[in-house]
Structure formats: structure tokens, C-alpha cells
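First up is the structure itself, then whatever we jot down about it.
The values are calculated or read from the model by the stated rules, or taken from the named source; none is laboratory data. Quick caveat, the model's predicted, so the values are computed rather than measured. Cβ atoms come from the backbone with ideal geometry, glycine included; neighbour counts cover every protein chain shown.
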Amino acid sequence: MKNILTLAGKELKLYFISPIAYVLAMVFLMVSNYLFHSQVFFYSRLSSQAMQFQGNLPQLNLHEILFRPTFLNMAIILLLIMPLLTMRLFAEEKKGGRRSS
């Protein structure tokens, strides 16, 4: 376990020395921010419609309308960003002549 933590610490230091981690973090935060704000505006529109129609719309659930789609979108964004982080590891492995099985 100690070897894994040492290796992970080394890799994290290498990521944050180069601008790769900062650029990917900025991209992730910008896309997540846009998707979150679009969900907030959607919830705002639904709540204003509910106020106009005096409750003829179903009960609004903040967690179902705002938080669940936001975290789902964040998970998908992370799935798309993770290969960008691991490509450097594969390139270094190939450059060093080591082969993974």
C-alpha cells in the first residue's frame, strides 16, 4: 500500500508541475459550471410556472431537478477527461520501453 501511495504522490506532483492538470481542471469546472447554471435556470423557470398556475404542476423536488442531473453530468465529463490524464502515463511507458500486459 505504501508503494501505491508513493507512486500516486509522484504522479500527482508531476501533473501539477506541468500545466496539464490546471488546464483540465479549468475545462472540467467551466463545463460543469455551464451545465449547473442551465439546470438552475430550468428549475427557476419551472418554479415560476408553478407559482403562476397556483399548484397545478406536480410538486417540485430540488434534488431530482437540480442536483441529480448536475452530478450525472459531472460524472460523464470526468469519464471523458480521465483518458486525457492517463495518456501521459501510457506515453511515458512506451517511451521507456516497458510494455503493459
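A few points about this structure:
- LEU5 vs. criteria out of contact with any Asp or Glu (no Cβ under 7 Å at 6 or more places or on another chain) and surrounded by 11 or more Cβ atoms within 10 Å (Cβ to Cβ): no
- Any hit, segment 38-47, residues being assigned to a helix (DSSP H, G or I) and in contact (Cβ under 8 Å) with a residue 60 or more places away in the chain: no
- Any chance PHE28 is modelled with pLDDT under 90, closer than 28 Å to LYS10 by Cα and not small (Gly, Ala, Ser): no
- Residue within segment 32-40 that is surrounded by 12 or more Cβ atoms within 10 Å (Cβ to Cβ), modelled with pLDDT under 90 and either of a type in the set (D, E, K, R) or within 10 Å of the chain's Cα centre (by Cα) (or both) present: no
- Of the residues making up segment 23-69, those that are more than 22 Å from LEU79 (Cβ to Cβ) and charged (D, E, K, R) number 2.
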